[in-house]
Amino acid sequence: MTHCITCSAPVNIAVIKYWGKSDEALLLPANSSVSVTLHQDQLQAQTTVAASHHFEKDRIWLNGQEQCINNPRIQNVIREIKRRARKQKTDSRDIAAERLNWKIHICSKNNFPTAAGLASSAAGYACLVYALKCLYKLEGDVSAIARCGSGSACRSVHGGFVVWDKGQRLDGSDSMARQIQPHTHWPDLRVLILVVNEQKKHTGSTEGMQVTMATSQLLKERIRSVPDKIEQITQAIHDRDFKTFAEITMKDSNQMHACCLDTYPPISYLTDVSRRIIHLVHCFNKHRQETTVAYTFDAGPNACLFLLKKDVKKFLHLVKRFFPPKTEEQDFIRGNTKQLMENLSND
Ligand code: DP6
């Protein structure tokens, strides 16, 4: 007998970033964070888990390639899910209990570049944890288990606008994500993802935040400032106040990347193209005399832009003009602010 479950989980975009851990083993964050989970049919991971008494060993495939199942984070997730499921089964004598002793096969794929700073591990681990939860008929919140796979994954367990509370307990049991507003709360909000580079990032988030934590003075100041920012952005989300939401989002992204540069040796995730996107957004906002577009960058050069539905067409038109593929892009790289402002005025 084989039991099989397929789930999908979307990427989440952090607007108040998680950067730095207070406990490396438990993946406890140095600060709480806030994110927006994309819709299910957009950037997503899809995972099938199968349990069978015919399987001889646990196995995992990612985007068609077999990976080592002994990866400690994958093992932590499987162990924790099974521990919770066994505890629950002892209480309820559920028939799904027999599956807990069978070997499992996991097959996961992303519909977007993996490890290019587009939160692929967040969607991947959230999806794996949710699929295992369904396989073993586990009840309750599993965001703390997803956190054991990749910190930011705990936020992808929920839809809409999500806060990951860093928690107070040393065992991490209260370090979990919760939804603050459903995705229906702000129907006009849109996200554009500009893929600058699909390559795997040079310094992974885990390693990058470790070195920042160890060497950056600026990070200490950032950690102190996060609670106020979370309060303000939560209120802005609640009020659908785009200007405040956008400005806090951009400043937080800039601050995280400033901490990366303050790291020793420095880490720079942004490329010239990323910086030109930042420049385009500020020029556009200046020209419109209001904040209508916001950028944020994770541990990579790709830009996530927030804007309202009414501004998408106009801004996309500009993006296509200033970031055309190949040779014309070279011309833009030689361009300057004056030309940019002139072009904006002509629109
Ligand atoms: C820049 O969750 O990938 O995307 O917990 O070590 O797996 P680990 O790190 P990860 O870090 C994400 C960092 C970020 C910001 C964020 O998503 O909050």
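What follows draws every value from the coordinates through simple rules; no lab data is involved. Keep in mind that what you see is a predicted model, and the values were worked out from it rather than measured. Every residue, glycine among them, receives a Cβ derived from its backbone with ideal geometry; neighbour counts consider all protein chains shown.
Would you grab the residues whose amide H sits under 5 Å from the one on F55? Only those 5+ places off in sequence or on another chain, please, with H modelled 1.01 Å from N. Here K103 satisfy the definition.
Counting neighbouring Cβ atoms within 10 Å and putting the fewest first, the residues V196, V129 line up as V196, V129. Calculated mean residue ellipticity, 222 nm, the chain: -14000 deg cm²/dmol, from DSSP H runs (n ≥ 4) at -39500 (n - 2.57) each, averaged per residue and rounded to 500. Under a Cβ-Cβ cut-off of 13 Å, what is the net charge of the residues other than K243 that fall near it, where Lys and Arg count +1 and Asp and Glu count -1? Spelling it out: positives minus negatives among the neighbours equals -2. The residues neighbouring K309, those whose beta-carbon lies less than 10 Å from its own, together hold a net charge of +1 under the Lys/Arg +1, Asp/Glu -1 convention. Taking the longest Cα principal axis of the chain as reference, the axis of helix 120-135 is set at about 30 degrees.
Near the amide H of V15, within less than 5 Å, lie the amide hydrogens of V34, S35, V36, all on another chain or at least 5 residues away, with H placed in the peptide plane. Distance from the C-alpha centroid of the range 116-194 to that of the range 34-87: 14 Å, rounded to the whole angstrom.
For the chain, the longest principal axis of the alpha carbon atoms and the long axis of helix 337-346 meet at an angle near 90°. Remark on Q181: its backbone amide H falls under 5 Å from those of F161, a criterion applied only to residues 5 or more positions apart or on other chains, H modelled at 1.01 Å from N. A Gaussian network model of the chain, with springs between Cα atoms under 10 Å, assigns the largest mean-square fluctuation among Q168, Q46, Q179 to Q168. Converting phi to 3J(HN,Hα) with the Karplus coefficients 6.51, -1.76 and 1.60 and the offset θ = phi - 60°, the range 281-298 yields 4, 5, 5, 4, 5, 5, 4, 7, 6, 7, 7, 10, 9, 10, 10, 8, 10, 8 Hz in sequence order, with x at every glycine or proline. Over the chain, with a Gaussian network built from C-alpha contacts below 10 Å, which listed residue (S268, S225, S35) shows the highest mean-square fluctuation? Of the options given, S225 has the highest mean-square fluctuation.
Among the listed pairs K17/K220; K166/K220; K109/K137, those whose Cα-Cα separation exceeds 19 Å are K109/K137.
What do you get for the angle between helix 205-215 and the principal long axis of the chain? Use alpha-carbon atoms, 0 to 90 degrees, nearest ten. Approximately 70 degrees, to the nearest 10. For D174, D298, the sequence from fewest to most other C-beta atoms within 10 Å is D174, D298. With K and R counted +1 and D and E -1, the other residues having a Cβ less than 11 Å from that of P10 yield a net charge of 0.
Spacing of the modelled spin labels on Q210 and Q75, each 7 Å from Cα toward Cβ, amounts to 1.6 nm. From least to most packed, judged by other beta carbons within 10 angstrom and beginning with the fewest, S108, S274 follow the order S274, S108.
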